[in-house]
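For reference, the structure discussed in these notes is given below.
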Amino acid sequence: MRFNYQKRARELREETVAHRRYLHTNAEVGLETPKAVAYVMEKLTEYGLKPEKCGHGVTASLGTGGRTLLLRADMDALPMGEESGEPFACPTGAEAHTCGHDFHAAMLLTAAKMLKENETALKGTVRFMFQPAEEIFEGAKDMIAQGILEGVDAALAFHVAPGKMPMGLFMYNSGGVMMSSVDGFKITVHGRGAHGAYPHSAVDPVNIAVHIYLALEALIAREADPGKNCVLTVGNFSAGSAANIIPDTAVLQGTIRTNDKACRELLVRRMKEAAEGTAQVYGGTAAVEMLSEVPPLICDKALTERMVTYLQEIPGLTPCPGISASASEDFTVIAERVPSVFMYLSAGFLDERGEAPAHNPKVRFNEDVCAIGPAGLAHCAARWLEEEAGAV
């Protein structure tokens, strides 16, 4: 008789919620997430696994040899305050789990516990990947460099989705672009500072930076293919420290995102040309630094269709195909190397609690997904290993 992961996940719902709330309260950003690492290692050990550090993250494996499926969860937060009103909100005012990565790590912990309980019946190996620094697109690369993918045959990851939507949806894309590329950039404009009363003696980097900003806006309006998904955002513009002083430098930081390879190459090249050329026109210079270079996320079509079939075996789950998002994910660097599937799980509300989106300080997530995500991860892993071993 097949192990009922859905039933067991429901029994463990409050334990999964407790994981989520601990990680939420103790939110950490970037590559260094010592509290999350310690917590994950403690729980995996408690569940009978032998966790190890891998780069700045944590890994563990279980099973009976044979083919290996990687289950991945990120566990980093965002550098922002929280206004959710939740009693377990992060108290620092500087970190917040507004993208749901606390759920991902919590759900994978419970999936690991359930798979360990059923380890002798598995027809292969499951490897767990708890990674930091997804938000800065460094965590997956860090763990890959330390060998997390050695011997891995396929990979699966879930991402919770807030908003006004019913529970039980799983959203995917069979072979198309699931999520956009992201090329993060920093443009440092160099001019010549002066007293604000004598602008003629300066080369004003603020003026140059404003014109660069407008030139970048025109790239989307006049050079990007309107039939493609192309977004260029400048989210940081900083210069100077006093109202009556023209500074020496100004800085713009932003991202370019697209679902098309040719558009990506065009926009990155033209961003650099626009910045450098505009600065030269106004007598200054511009130095462009690339902060991230992540291609679009394209899931393996055959593997996606298999995972969809497995999830449909779980009562109450509803498929939602053809999803494509402008946001970006560093799971892409895993999908480039092994056949991979990335899916969204609905974790929203149909009332006012579903009004705020991800990365918003007021966002709220439905904890009912804590009984769904672990079941989906564990069931998909067990079923894939069965089929790979020819046991079905």
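Tilt of helix 261-281 relative to the longest C-alpha principal axis of the chain, in degrees (0 to 90, nearest 10)? Tilt relative to the chain: about 30 degrees. Beta bridges per DSSP, both residues in the chain: antiparallel share near 65 percent.
Annotation: amide H-H contacts under 5 Å for Val182 (H modelled 1.01 Å from N, sequence separation of 5 or more, or interchain): Val294. Packing order of peptides 5-12, 354-361, highest average first: 5-12, 354-361 (average count of other Cβ atoms within 10 Å over each peptide's residues).
Taking amide H as placed 1.01 Å from N in the peptide plane, Ile298 has its amide H under 5 Å from the amide H of Met178, each at least 5 places away in sequence or on another chain. Packing-based ranking of 229-242, 141-154 yields 141-154, 229-242, ordered from highest to lowest mean Cβ neighbour count within 10 Å.
Only aspartates and glutamates eight or more places from Lys53 in sequence, or on another chain, were considered; those with a Cα closer than 13 Å are Glu32, Glu42, Asp142. Seen against the Cα atoms of the chain and their longest principal axis, helix 101-117 is set at about 20 degrees. Ordering Leu49, Thr25, Ala209 by the projection of their Cα atoms onto the charge dipole of the chain, which places +1 on the Cβ of Lys and Arg and -1 on the Cβ of Asp and Glu, puts Leu49 at the extreme positive end. Couplings 3J(HN,Hα) of region 335-341, computed from phi: 5, 5, 9, 9, x, 9, 9 Hz, in residue order, whole Hz [Karplus 6.51 cos²θ - 1.76 cosθ + 1.60, θ = phi - 60°; x for Gly and Pro]. Here the dipole of the chain is about 600 debye; that uses its Cα centre as origin and unit charges on the Cβ of Lys and Arg (positive) and Asp and Glu (negative). The percentage of C-alpha pairs in region 254-327 whose separation is greater than 19 Å is 58%.
Counted residue by residue at 0.36 nm each, then reduced by the alpha carbon distance between them, the extension gain from Glu117 to Lys53 reaches 20.8 nm. Mean residue ellipticity, 222 nm, helices only, the chain: the sum of -39500 (n - 2.57) across DSSP H runs of n ≥ 4, divided by residue count and rounded to 500, is -10500 deg cm²/dmol. Only Cα pairs within less than 10 Å get springs; with that Gaussian network setup on the chain, which residue of Met80, Met171, Met107 has the largest fluctuation? Of Met80, Met171, Met107, the most mobile in the Gaussian network model is Met80. The antiparallel fraction among DSSP beta bridges confined to region 1-151 stands at about 60%.
Pairs spanning more than 31 Å between alpha-carbon atoms, out of Lys113/Lys228; Lys43/Lys301; Lys186/Lys228; Lys50/Lys301; Lys141/Lys164; Lys141/Lys186: Lys113/Lys228; Lys43/Lys301; Lys50/Lys301; Lys141/Lys164. Using θ = phi - 60° in the Karplus curve 6.51 cos²θ - 1.76 cosθ + 1.60, the 3J(HN,Hα) couplings for region 128-136 round to 9, 10, 9, 10, x, 6, 5, 5, 10 Hz; x is entered for Gly and Pro.
Projected label points at Thr92 and Val338, each 7 Å from Cα along the beta carbon direction, are separated by 3.1 nanometres. With one equal scatterer per alpha carbon and no solvent term, the Debye-computed log10 I(q)/I(0) for region 293-372 at 0.11, 0.16, 0.24 1/Å reads -0.39, -0.80, -1.23. Rounded to whole numbers, the Karplus 3J(HN,Hα) couplings from phi for region 156-173 are 9, 9, 10, 9, 6, 10, x, x, 8, 7, x, 6, x, 7, 10, 10, 7, 9 Hz, using 6.51 cos²θ - 1.76 cosθ + 1.60 with θ = phi - 60°, and x at Gly and Pro. Reported to the nearest whole Å, the Cα centre-to-centre distance from region 322-338 to region 183-205 is 38.
The Stokes-Einstein estimate for region 167-280, based on a Kirkwood radius over Cα pairs and taken at 37 °C with 0.692 mPa s viscosity, is a diffusion coefficient of 207 µm²/s.
Database remark: amide H of Glu95 closer than 5 angstrom to the amide H of Met80 (H placed geometrically; neighbours at sequence offset of 5 or more, or on other chains; Pro and chain starts carry no H). Based on alpha-carbon atoms, the Kirkwood radius and the radius of gyration of the chain give Rg/Rh equal to 1.03.
Laboratory data are not the source of any read-out in this text; all were calculated from the coordinates shown. Predicted model, so just to flag it, every value in this text is computed and none were measured. Positions of Cβ are generated from backbone atoms using ideal geometry, with glycine treated the same way; all protein chains shown enter the neighbour counts.
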